[in-house]
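Chemist: Dropping a structure here in structure tokens format, bear with me for questions.
Derivation of every value follows stated rules applied to the coordinates shown; laboratory data play no part. Every value quoted in this text rests on a predicted model; they were computed, and no experiment measured them. Note that each Cβ is placed from the backbone with ideal geometry, even for glycine, and that neighbours are counted across all protein chains shown.
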Amino acid sequence: MNIVIFGPPGAGKGTQSKFIEKKYNLIQLSTGDLLRNEIKNKTILGSKISSIINSGDLVSDEIVNNLIEKYISNKKNKQRFIFDGYPRSITQAINLDKLLEKYDQQIDIVLNLSVSFETIKKRITERKSQEQRADDNEKIAIKRFKTYELSTKPVIDYYKQSNLLKDINGENTISEINVEISGLIDAIKGWL
Ligand code: AP5
Ligand code: MG
């Protein structure tokens, strides 16, 4: 089971990925977390990307595409991914399809969480006090949302063509969404 979890900043991608990871014994692959680890570990890549992330722009497709291949190529992880925050552009979506094909895998479902801009601002400013993420303030949240609308949202149409897309109302409570997602995953034929 490979799952893509999709949605604007603060939609609940990370929250739902952690739930799915535990319930179905899968692996959350969050490009945001991978990139923040590079910054935290003060790597060369980290020094290149920190100003981009903290301004709410996207890191280049080349950087993230390179970052994920080592995980996808690991046989132990085969067909066990929850892609959280990737793909974020059409180029990345095409790259993911190519990489999965190269390692004999495929996407089974794309979960699209939708939330209003008001909810996003509220959640991100609330999380600021818990996680101290450098990009969690209202000004950068607005920029992240604009980046999503411009570069990432078109990916929805890409997945609509392949019939993999399931829309989920991200305004519901965390547990209501847990239940809805479980129902969608359990309904996939040949799984469980
Ligand atoms: P990334 O880390 O992916 O951030 P994001 O997409 O902006 O999303 P968030 O992590 O902020 O939100 P989320 O949807 O995970 O929500 P969460 O569950 O935390 O990316 C950060 C940056 O890295 C990007 O801006 C970019 O620069 C770079 N980057 C990453 N991937 C990239 C890529 N592929 N290409 C290029 N650049 C890339 O929830 C948010 C809060 O709301 C939490 O406090 C949570 O408890 C709460 N909450 C969640 N669900 C609910 C609910 N249903 N009801 C009430 N509260 C809820
Ligand atoms: Mg996240």
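Chemist: How high is the FRET efficiency from Asp97 to Ser129, r the C-beta distance, R0 35 Å, rounded to 0.05?
Modeler: Efficiency, from the Cβ-Cβ distance: 0.35.
Chemist: What percent of all Cα-Cα pairs in region 98-192 falls in each 10 Å bin, counting up from 0?
Modeler: With a bin width of 10 Å, the distribution comes to 13, 33, 35, 18, 1.
Chemist: Using the structure shown, select from Lys13/Lys146; Lys13/Lys153; Lys78/Lys166; Lys102/Lys189; Lys78/Lys189; Lys75/Lys166 the pairs with a Cα to Cα distance greater than 20 angstrom.
Modeler: Lys78/Lys166; Lys102/Lys189; Lys75/Lys166, as the Cα separations exceed 20 Å there.
Chemist: Determine the relative contact order of region 1-95: mean sequence separation of Cα pairs under 8 Å and six or more apart, normalised by residue count, in whole percent.
Modeler: Answer for region 1-95 is 46 percent.
Chemist: Let me ask something additional. Using a simple charge model, +1 on the beta-carbon of Lys and Arg, -1 on the beta-carbon of Asp and Glu, nothing else, what dipole does the chain show about its Cα centre, in debye to the nearest 20?
Modeler: 500 debye
Chemist: Right, here's the next one. Have a look at Tyr86, Tyr159, Tyr148 and tell me which one the Gaussian network model of the chain (Cα, springs below 10 Å) gives the largest fluctuation.
Modeler: Residue with maximal mean-square fluctuation among Tyr86, Tyr159, Tyr148: Tyr159.
Chemist: Using Cα positions and a limit of under 19 Å, work out the aspartates and glutamates in reach of Lys121, with same-chain residues fewer than 8 apart set aside.
Modeler: Asp57, Glu131, Asp135, Asp136, Glu138, Glu149, Glu171
Chemist: Further, regarding this structure: Once phi is turned into θ = phi - 60°, what whole-Hz ³J(HN,Hα) does the Karplus curve with 6.51, -1.76 and 1.60 give for every residue of region 135-144, x standing for Gly and Pro?
Modeler: So the Karplus estimates, Gly and Pro as x, are 9, 9, 9, 4, 4, 6, 4, 5, 5, 4 Hz.
Chemist: Over 26 Å between C-alpha atoms is what I'm after, so list which of Lys98/Lys128; Lys48/Lys128; Lys48/Lys70 land there.
Modeler: Distance filter (> 26 Å) returns Lys98/Lys128.
Chemist: Now for a separate question. Please state, to two decimals, what the Cα-based radius of gyration of region 35-102 comes to when divided by 2.2 N^0.38 Å (N = residues).
Modeler: Cα Rg divided by the expected 2.2 N^0.38 Å: 1.17.
Chemist: Would you mind estimating how fast region 1-146 diffuses translationally, via Stokes-Einstein at 25 °C and 0.890 mPa s with the Kirkwood radius over Cα pairs, in µm²/s?
Modeler: 155 µm²/s
Chemist: If the chain between Gln106 and Asn41 were fully stretched, how many nm would it gain, using 0.36 nm times the residue separation less the Cα-Cα distance?
Modeler: 20.2 nm
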